[in-house]
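Okay, structure first, notes after.
The values are calculated or read from the model by the stated rules, or taken from the named source; none is laboratory data. Remember, it's a predicted structure, so these values are computed and weren't measured experimentally. Glycine also receives a Cβ, built like all others from the backbone with ideal geometry; neighbour counts cover every protein chain displayed.
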Amino acid sequence: MTRTLTFSHCNVLYRKSRQGPRRELTRALIVSKPSPKHLATGDITTLAFDADDTLWHNETIFRLTEERFAELLREDMDSELLIERLLSTERRNLRFYGYGIKGFTLSMIETALEVTEGRASAKLISEILAAGREMLTHPVETLPGVRATLEALGEHFRVIVITKGDLFDQERKLAESGLGELFNAVEIVSEKTDETYHRCFSQHGTGVEQGVMIGNSLKSDVLPALRAGAWGVHIPYHITWAMEKAEVPTDYPRFLTLPDISELPKQLGL
């Protein structure tokens, strides 16, 4: 029987951030999928996956919306300058709105008001809001090889998700992806830090030293996981958001880059 993953029994946890008094909102979905009976050879027991642009397409939707935004304001500013202005607004607003489509939409509205010096019409604001709503209902398209890879790995490892962003939207995408039943646990966090990986691999695995973090972002998925003591596997996506770019690490023996998620089972000796 196929089990359906639901979100009605989620635990919402509030944890103090290491960066100050701001509280980090974390949602942990503890899934009833049992731990595997047979682990692969070696010390690795737990595999953690990023979600956006690792399991399913995401950044392409933002880029398409940026193009639509630039078209709406084409008479007010050059498109390249406008997107730079939008990025600056997003960066400034991260501490208020966090990651995700809702914060992105609010940043588009703010940028439009700035660029037009407060003359943005109600029609323009309405069109920006409509673009944001369309993003929130965009179909989820998983990346090639994801399901088969997760099914193979789940026979030998604990498999979890560690993703950041808007809680409701991340839950929606996980549910629509049809992948939820393949994970032992899902963590939706406001930010990915060294402490995030220490906590997640301890809570859902056997410690960070026996964990592997897999994702498309060097900045959020790989580097903090490596600093925490886990393995970090970078699987690049063809588009990288400017705020997720970072230099490739050269001094971590636990770092690995793969061209495709389907390469993971072979790298893990399966």
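Quick grid of which residues meet (1) modelled with pLDDT of 95 or more; (2) on the phi < 0 side of the Ramachandran plot; (3) among the charged types (D, E, K, R); (4) under 17 Å from the mean Cα position of the chain (by Cα):
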site: I160; (1), (2), (3), (4): yes, yes, no, yes
site: K164; (1), (2), (3), (4): no, yes, yes, yes
site: S202; (1), (2), (3), (4): yes, yes, no, no
site: K219; (1), (2), (3), (4): no, yes, yes, yes
site: P224; (1), (2), (3), (4): yes, yes, no, yes
site: I235; (1), (2), (3), (4): yes, yes, no, yes
site: I239; (1), (2), (3), (4): no, yes, no, yes
site: G269; (1), (2), (3), (4): no, no, no, no
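The condition (being surrounded by fewer than 20 Cβ atoms within 10 Å (Cβ to Cβ) and either hydrophobic (A, V, I, L, M, F, W, C) or under 22 Å from G98 (Cβ atoms) (or both)) is satisfied by just one residue among K219, K192, K164: K219. Can you tell me how many residues in region 255-270 are buried (at least 16 other Cβ atoms within 10 Å of the Cβ) and closer than 19 Å to F201 by Cβ? The total comes to 4.
Being out of contact with any strand residue (DSSP E or B) (no Cβ under 6 Å at 6 or more places or on another chain) and either in contact (Cβ under 8 Å) with a residue 24 or more places away in the chain or in the same structural domain as G165 (by TED's automatic domain parsing) (or both) is a property that does not hold for A122. The single residue among Q203, Q210 that is touching a residue at least 40 places away in the same chain (Cβ under 8 Å), loosely packed, with under 14 Cβ neighbours inside 10 Å and outside the structural domain of S88 (by TED's automatic domain parsing) turns out to be Q203.
Residue-level analysis places T111 among those that are closer than 23 Å to T60 by Cα and surrounded by 19 or more Cβ atoms within 10 Å (Cβ to Cβ).
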